[in-house]
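Novice: Quick one: structure below, then a few questions.
The values are calculated or read from the model by the stated rules, or taken from the named source; none is laboratory data. Please read these numbers as outputs of a predicted model, since none were measured by experiment. Every residue, glycine as well, gets a Cβ built from its backbone with ideal geometry; the counts of neighbours run over all protein chains shown. Accessible surface is based on the protein model in full, side chains and every heavy atom, while ligands, DNA and RNA are left aside. Shrake-Rupley method; radii C 1.70, N 1.55, O 1.52, S 1.80 Å.
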Amino acid sequence: MFPYPDQYRTATPPIATVFMVFWALLSHSIFADASPFALYPLFLLFPLVIMSHGYLIWQAPGMSRLDQCFYALVHIPLAFVVWTFTIMHVNGNAFS
């Protein structure tokens, strides 16, 4: 069905991270500060990134599993920083 299914699977975690940023920018401009409708998808996206990396590691064969581990080792901390700042952006001045 897809011409390159491995590339689509490998791109899933960064796509989820990019979606976090777009969702934070869009939802902060539409909803009020600390809107649950804006925050709950963000709370679900970081675990989705971790689970997708786990899936990539689990289904990778042989030495490619080590490559996927390094990929997760680099991307998960970066995604955590992005996730933290998107939550802070969506909260706005709600905690002040």
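Novice: I'd like to know if the range 59-70 contains one or more residues that are assigned to a helix (DSSP H, G or I), in contact with a helix residue (DSSP H, G or I) (Cβ under 9 Å, 6 or more places away or on another chain) and among the small types (Gly, Ala, Ser).
Specialist: No, the range 59-70 contains no residue that is assigned to a helix (DSSP H, G or I), in contact with a helix residue (DSSP H, G or I) (Cβ under 9 Å, 6 or more places away or on another chain) and among the small types (Gly, Ala, Ser).
Novice: Pairs please, first residue from the range 74-96 and free of Cβ contacts under 8 Å to residues at least 12 places away in the same chain and at positive phi, second anywhere and of a type in the set (A, V, I, L, M) and surrounded by 15 or more Cβ atoms within 10 Å (Cβ to Cβ), Cβ atoms under 6 Å, 6+ apart in sequence or on different chains.
Specialist: none
Novice: Name the pairs: first residue in the range 25-53 and within 24 Å of TYR71 (Cα to Cα) and touching a residue at least 24 places away in the same chain (Cβ under 8 Å), second residue open to solvent by 60 Å² or more (accessible area, probe 1.4 Å) and charged (D, E, K, R), Cβ to Cβ under 9 Å, at least 6 apart or on different chains?
Specialist: These pairs meet every condition: SER52/ARG9.
Novice: Can I ask one more? Assess whether SER52 counts as being hydroxyl-bearing (Ser, Thr, Tyr), touching a helix residue (DSSP H, G or I) at 6+ places or on another chain (Cβ under 8 Å), part of a helix (DSSP H, G or I) and within 18 Å of TYR8 (Cα to Cα).
Specialist: So SER52 fits the description; yes.
Novice: Looking at LEU78, LEU45, LEU73, which is the one that is open to solvent by 30 Å² or more (accessible area, probe 1.4 Å), in contact with a Ser or Thr (Cβ under 9 Å, 6 or more places away or on another chain) and modelled with pLDDT of 95 or more?
Specialist: LEU78
Novice: Scanning the range 28-40 for residues that are part of a helix (DSSP H, G or I) and surrounded by fewer than 17 Cβ atoms within 10 Å (Cβ to Cβ), which turns out nearest to the chain's Cα centre (by Cα)?
Specialist: Step by step, filter the range 28-40, then rank; the result is TYR40.
Novice: Among all residue pairs at least 6 apart or on different chains, which show Cβ distances below 7 Å where the first residue, located in the range 11-22, is in contact (Cβ under 8 Å) with a residue 12 or more places away in the chain and the second is of a type in the set (Ser, Thr, Tyr) and surrounded by 14 or more Cβ atoms within 10 Å (Cβ to Cβ)?
Specialist: Listed pairs, sorted by first residue: THR12/SER52; PRO13/SER52; ALA16/SER52; MET20/THR86; VAL21/THR86.
Novice: Among the residues that make up the range 58-76, is at least one of them more than 28 Å from PRO5 (Cα to Cα) and aliphatic (A, V, I, L, M)?
Specialist: no
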